[in-house]
Amino acid sequence: MTQDKTSTEALLDAFRHHLEARDRSPHSIRAYLSDLCQFAAWFTDHTGEPFTLKAVTEYDVRDWRDHLAARMKPATVNRKLVALSALYRWAGETGQAERDPTRYVNGVAQQPTAPKALSDQALRRILRQARRSSKKRDVALLELLAATGLRASEVAGLTVGDLELNERSGWVTVRGKGRKQRRVPVHTRARRALREYLEERTQRSKGAEEQGSKLDADEPLFLSQKGGRITPYAVWYTVKKYARLAGVEDVSPHTFRHTVATRLVRDPAVDLVTAATFLGHARLDTTARYSRPSEEDLAEAGERIGR
């Protein structure tokens, strides 16, 4: 039993390194590994055999899908199937698996809806809680997320030199998925919050005797509590903290991203190509999904019918 467990852990550890090399976010990696651990445990319980790549058949994957579909939403089931498919695709590329049992297994049908976005009121409540804290770093971080929709990993990777703040405009240079680089505009309110944060940092690091001096361009834009570069998890934690204080549930940095994307795509003055470039999407269909109604939109429409 110990040997089987160790071999599974070794396999997933190697897969984790693969995902990290592909520049996947820490949140996505944790979700993939959690889903795969769940499948491995289910497989052993379901078949009585230890989990190995070779032991899994297409029938097992179908049984796994049906087991999940009876208990979870289609989107959750499909996400878990994607994790298993990604594992076998990597295993095939590295010669660890001769066949892919997920290849011909379809996901669970689901009504296409847009990802969850924050309402204007909910977003303001979260930003208001950050301002009440008087922590300029947290205010600047949340305002930047609300203005740009950057991924947590993108925010964590920013340097001072990536930020360009002018009187009437602002830009941030972002290194996104696949190490692709793009420039994203920063609106007035976010620029103001970033200036206040950087001014405070300059005073603390340079001292009162060096007023007017600037931070080095290669310094991290956002620092951790210990003075090092902030991590994607710390970005996630900061968002969760103020959302909880504001009484807004199910919020993450990606919720901010969904909110920015939804506003861009539903603005008649912004075309789809511009929105995709702003968000760093490689495919237009990724951006186009934000034009669909969300579950909240559908629920509101249903309520209107009953009035």
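Yes or no: ASP120 modelled with pLDDT of 95 or more and either assigned by TED's automatic domain parsing to the domain that holds ASP13 or at negative phi (or both)?
Values: modelled with pLDDT of 95 or more: no; either assigned by TED's automatic domain parsing to the domain that holds ASP13 or at negative phi (or both): yes.
No, not satisfied.
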Considering the range 178-214 alone, what residues qualify as being of a type in the set (Lys, Arg) and modelled with pLDDT under 90? ARG179, LYS180, ARG204, LYS206, LYS214
For the range 176-197, enumerate the residues that are under 22 Å from LYS214 (Cβ atoms), in contact with a helix residue (DSSP H, G or I) (Cβ under 7 Å, 6 or more places away or on another chain) and not β-branched (Val, Ile, Thr). ALA190, ALA193, LEU194, GLU196, TYR197
Considering only residues that are in a helix (DSSP H, G or I) and among the small types (Gly, Ala, Ser), which ones fall in the range 231-286? ALA234, ALA243, ALA246, ALA261, ALA275, ALA276
Of the residues in the range 1-48 that are surrounded by fewer than 13 Cβ atoms within 10 Å (Cβ to Cβ) and not in a helix (DSSP H, G or I), the one that is modelled with the highest pLDDT is GLY48
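Quick test for you: out of THR238, THR287, THR231, THR202, pick the one residue that is in contact (Cβ under 8 Å) with a residue 40 or more places away in the chain, buried (at least 16 other Cβ atoms within 10 Å of the Cβ), assigned by TED's automatic domain parsing to the domain that holds LEU142 and among the polar types (S, T, N, Q). Spell out the reasoning first.
Values: THR287 fails: in contact (Cβ under 8 Å) with a residue 40 or more places away in the chain; THR231 fails: buried (at least 16 other Cβ atoms within 10 Å of the Cβ); THR202 fails: in contact (Cβ under 8 Å) with a residue 40 or more places away in the chain.
Exactly one of THR238, THR287, THR231, THR202 is in contact (Cβ under 8 Å) with a residue 40 or more places away in the chain, buried (at least 16 other Cβ atoms within 10 Å of the Cβ), assigned by TED's automatic domain parsing to the domain that holds LEU142 and among the polar types (S, T, N, Q), namely THR238.
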Could you list, in sequence order, the residues of the range 53-63 that are in a loop (DSSP other than H, G, I, E, B) and surrounded by 15 or more Cβ atoms within 10 Å (Cβ to Cβ)? LEU53, VAL56
Quick check on my filter: what residues within the range 156-170 are under 19 Å from THR277 (Cα atoms) and either surrounded by fewer than 17 Cβ atoms within 10 Å (Cβ to Cβ) or not assigned by TED's automatic domain parsing to the domain that holds ARG191 (or both)? GLU164, SER169
Please go through the range 123-155 and give me each residue that is modelled with pLDDT under 95, part of a helix (DSSP H, G or I) and buried (at least 17 other Cβ atoms within 10 Å of the Cβ), ordered by number. ALA152, SER153, GLU154
Being loosely packed, with under 13 Cβ neighbours inside 10 Å and either assigned to a helix (DSSP H, G or I) or at negative phi (or both) is the requirement here; does GLN110 meet it? yes
Which residues, counting only those in the range 171-203, are in a strand (DSSP E or B), out of contact with any Lys or Arg (no Cβ under 8 Å at 6 or more places or on another chain) and closer than 24 Å to HIS27 by Cβ? ARG175, ARG182, VAL184
Looking only at the range 64-75, decide whether some residue is farther than 30 Å from LEU194 by Cα, crowded, with 16+ Cβ neighbours inside 10 Å, in contact with a Ser or Thr (Cβ under 9 Å, 6 or more places away or on another chain) and outside the structural domain of ARG204 (by TED's automatic domain parsing). yes
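The values are calculated or read from the model by the stated rules, or taken from the named source; none is laboratory data. As the structure is a computational prediction, the values presented were derived from the model and not from experiment. We place every Cβ from the backbone using ideal geometry, glycine too, and count neighbours over all the protein chains shown.
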